[in-house]
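The values are calculated or read from the model by the stated rules, or taken from the named source; none is laboratory data. For clarity, every value in this text was computed on a predicted model and none was experimentally measured. Here the Cβ positions follow ideal geometry from the backbone for every residue, glycine too, while neighbour counts run over all protein chains shown.
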């Protein structure tokens with residue numbers, strides 16, 4: 001625990017996915033943070049490190065006992081060579097909280113979390129397939145989910161990806177995504193894959209790609 005420096009220690013989303021676990025967690029930064037030594041998650045600003053560590057703690061993997069480092073490309077990993085693969089993402093919510101998503105499990109799987117925003121809408125025409133753009137329209141949550149599938153895939157399978165062509169969500173899948181989250185299908189370089197995704201008013205998250213069963 002963070003000894004009062006951070007609040008809201010209950011995860012906002014925790015779910016079993018094939019070969020691993022996904023957790024979304026947020027922390028509310030206090031006005032002052034006294035020293036980075038309090039935050040065992042290496043790299044990044046203290047509040048972001050704390051959000052990731054809170055999510056790992058919710059999965060039973062606190063960084064104090066499961067130290068995390070970064071590879072030269074910036075990807076996080078457990079120092080223990082026998083530990084599972086790790087993917088992490090964080091974003092600042094509109095109310096100032098820091099939200100983090102972590103996936104612990106099989107290699108080749110990435111996770112991304114973003115705030116639904118006009119920023120994604122501005123970038124989408126350059127990186128989305130035309131069918132994805134048509135399915136999303138101006139819906140920021142849909143745009144956020146599609147963006148997260150591409151970023152998660154880049155983290156798991158990148159880095160040499162062309163977002164608009166190599167990673168595509170099947171447009172009809174967005175109509176079937178339940179409010180509590182669920183599976184959406186698409187393609188990665190022509191291969192059928194799926195992602196677990198969820199969109200809320202505060203954040204969108206996706207983890208994958210997984211094979212279609």
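At-a-glance table
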{"read-out": "From 99, 64, residue being in a strand (DSSP E or B) and either in contact with a strand residue (DSSP E or B) (Cβ under 8 Å, 6 or more places away or on another chain) or surrounded by fewer than 20 Cβ atoms within 10 Å (Cβ to Cβ) (or both)", "value": "99"}
{"read-out": "Lone qualifier among 111, 52 - being within 23 Å of residue 202 (Cα to Cα) and either assigned to a loop (DSSP other than H, G, I, E, B) or touching a helix residue (DSSP H, G or I) at 6+ places or on another chain (Cβ under 7 Å) (or both)", "value": "111"}
{"read-out": "Residue count for region 69-83, restricted to those that are more than 22 Å from residue 154 (Cβ to Cβ) and either outside the structural domain of residue 56 (by TED's automatic domain parsing) or surrounded by 12 or more Cβ atoms within 10 Å (Cβ to Cβ) (or both)", "value": "1"}
{"read-out": "Single unsatisfied condition, residue 185 versus (1) within 19 Å of residue 15 (Cα to Cα); (2) modelled with pLDDT under 95; (3) over 15 Å from the mean Cα position of the chain (by Cα)", "value": "(2)"}
{"read-out": "Conditions (1) within 17 Å of the chain's Cα centre (by Cα); (2) assigned to a helix (DSSP H, G or I); number of the one not met by residue 172", "value": "(1)"}
{"read-out": "Among (1) at pLDDT 85 or above; (2) surrounded by fewer than 20 Cβ atoms within 10 Å (Cβ to Cβ), the one test that residue 3 misses", "value": "(1)"}
